[in-house]
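Working notes, structure below.
The values are calculated or read from the model by the stated rules, or taken from the named source; none is laboratory data. These numbers come from a predicted model, not from an experiment. Every residue, glycine as well, gets a Cβ built from its backbone with ideal geometry; the counts of neighbours run over all protein chains shown. Side chains are part of the model used for accessible areas, which takes the heavy atoms of the whole protein and leaves out ligands, DNA and RNA. Shrake-Rupley method; radii C 1.70, N 1.55, O 1.52, S 1.80 Å.
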Amino acid sequence: MQQTDVAIIGGGIVGLATAYRLLERFPGRKVTILEKEREVAQHQTGHNSGVMHSGIYYRPGSLRATNCRDGKLAMEAFCEKENIPFDRCGKVIVAVSPNEIPQLERIHERGLANDIRCERIGPERLKELEPHVVGVQAIHVPEAGIVDYRQVAERLAERIKAAGGELKMSAKVTGMFRHDNRMVIQNDAGELEARLVVNCAGLHSDRVAWLSGTRPEAQIIPFRGEYFELKPSAHHLCRALIYPVPDPEFPFLGVHFTRMIHGGVECGPNAVFAFAREGYYKTSFNLFDTLESLTYPGFLRMAWKHWRAGWSEIYRSFNKSAFVAALQRLVPEVRDEHLVPAPAGVRAQALTRDGNLVDDFLILENDLVVNVCNAPSPAATASLNIGKIIVDKLAPRFQ
């Protein structure tokens with residue numbers, strides 16, 4: 001049986017960043033990544049919109065807030081070192097009506113509390129930044145940026161292998177058990193015995209936690225983020241990042257405009273319940289995934305609480321005109337004919353049994369296993385710092 005010091009389950013950006021930080025701090029340790037796909041970054045990382053978040057939305061003092069700020073700096077430093085293109089293009093968060101101003105003010109206060117460089121601006125300054133946007137007030141966040149996270153993940157994989165780490169592909173984890181103070185991980189590539197295990201399985205993180213003997217306090221519910229892309233003739237309508245004022249009770253930021261690092265502008269996402277954990281299409285369906293979600297008390301309570309918002313997302317999913325209307329609140333010149341479908345993503349949203357959305361990183365651990373059970377946005381932005389935190393948790397066990 002093959003042995004390793006640390007087995008990391010999941011070849012997304014959080015798992016890769018953890019392996020990278022581990023080998024950086026403890027060179028010579030044997031680190032093995034188990035990834036069920038044939039390539040890295042095939043799920044949340046590879047379907048990411050590419051935004052480098054500033055951290056303006058998050059509750060001051062939360063892991064999301066602190067990790068986002070420090071993680072963004074680390075991500076920028078890594079990209080500069082590796083010659084990976086990124087752009088601090090900035091973003092505007094736009095109040096389109098006076099009744100959104102109080103929530104805009106609260107977001108600005110959070111930004112200041114999180115040491116984010118941001119300023120309240122009026123319609124004139126907004127027009128200078130985004131000439132085609134209409135709003136009564138806005139927040140300008142100049143340090144927000146864009147990058148290709150798939151490219152970052154692929155470069156991390158290269159650096160991990162160069163440092164002696166191993167990536168086992170097509171190695172879906174099917175079971176785990178203790179053996180002489182080590183964990184034996186059963187997977188499609190054969191059994192692996194590890195001194196320590198890190199679960200970074202993303203959409204399947206709760207299931208892997210159960211396999212490790214940990215009972216997570218939340219379950220993953222998949223939500224598909226549906227996007228359109230602007231045709232080249234309409235690219236001029238968006239210079240950088242344009243966001244609406246989000247609903248504080250809903251975990252998504254609303255449909256917005258995102259300029260992409262390799263060109264083009266994405267519009268979305270429209271967030272709807274996915275009938276499969278890897279349900280990237282409206283027709284995607286997995287009976288087990290669906291029954292697991294629909295019989296979970298937390299999902300039923302959340303659906304009851306947010307049924308109006310959920311229904312509007314479903315309506316936009318099947319009615320392009322409604323989707324366009326949501327975009328026109330920010331950019332009135334957008335037309336149906338400007339939009340073409342773009343690939344969707346699936347977000348792993350952790351829900352507690354009482355129906356509350358887990359709005360922060362959730363890391364559970366025992367003596368042999370660290371489970372990253374919730375890594376919501378800005379996980380990609382913050383991945384290198386999340387990796388550092390996980391390594392900090394592992395470090396005493398190497399002494």
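Odds and ends about this structure:
- If you go through segment 104-129 and keep only what is open to solvent by less than 30 Å² (accessible area, probe 1.4 Å) and in contact with a Pro (Cβ under 9 Å, 6 or more places away or on another chain), you end up with I107, N114, C118.
- From the options F78, F86, residue that is within 21 Å of Q151 (Cβ to Cβ), of a type in the set (F, W, Y) and open to solvent by less than 40 Å² (accessible area, probe 1.4 Å): F78
- Residue that is over 30 Å from I242 (Cα atoms) and out of contact with any His (no Cβ under 6 Å at 6 or more places or on another chain), where the choices are P297, P269: P297
- In the condition set (1) part of a loop (DSSP other than H, G, I, E, B); (2) modelled with pLDDT of 95 or more; (3) within 28 Å of S212 (Cβ to Cβ); (4) not aromatic (F, W, Y), V14 is compliant with all but (1).
- Among the residues examined, L211 qualifies as without any contact (Cβ under 8 Å) to a residue 60 or more places away in the chain and either within 30 Å of N366 (Cβ to Cβ) or small (G, A, S) (or both).
- Segment 281-326 - residue that is among the charged types (D, E, K, R) and in a helix (DSSP H, G or I) and, of those, surrounded by the fewest Cβ atoms within 10 Å (Cβ to Cβ): R308
- Hits in segment 363-389 (condition: surrounded by fewer than 24 Cβ atoms within 10 Å (Cβ to Cβ) and not in a strand (DSSP E or B)): N366, D367, L368, P376, S377, N385, K388, I389
- Condition met for V334 (assigned to a loop (DSSP other than H, G, I, E, B) and either crowded, with 20+ Cβ neighbours inside 10 Å or of a type in the set (A, V, I, L, M) (or both)): yes
- Those residues of segment 5-31 which are surrounded by fewer than 24 Cβ atoms within 10 Å (Cβ to Cβ) and either over 21 Å from the mean Cα position of the chain (by Cα) or on the phi > 0 side of the Ramachandran plot (or both), in sequence order: D5, L23, E24, R25, F26, P27, G28, R29, K30
- Strands (runs of 3 or more DSSP E) contained in segment 114-192 and holding at least 1 residues under 14 Å from K91 (Cβ atoms) and not hydroxyl-bearing (S, T, Y): 119-121, 137-141, 145-147
- Annotation note: Cβ proximity below 7 Å between a residue of segment 11-25 that is over 14 Å from A380 (Cβ atoms) and charged (D, E, K, R) and a residue that is modelled with pLDDT of 95 or more and in a helix (DSSP H, G or I) (sequence gap 6+ or interchain) occurs for R21/L384; R21/G387; R21/K388; R21/V391; R25/V391.
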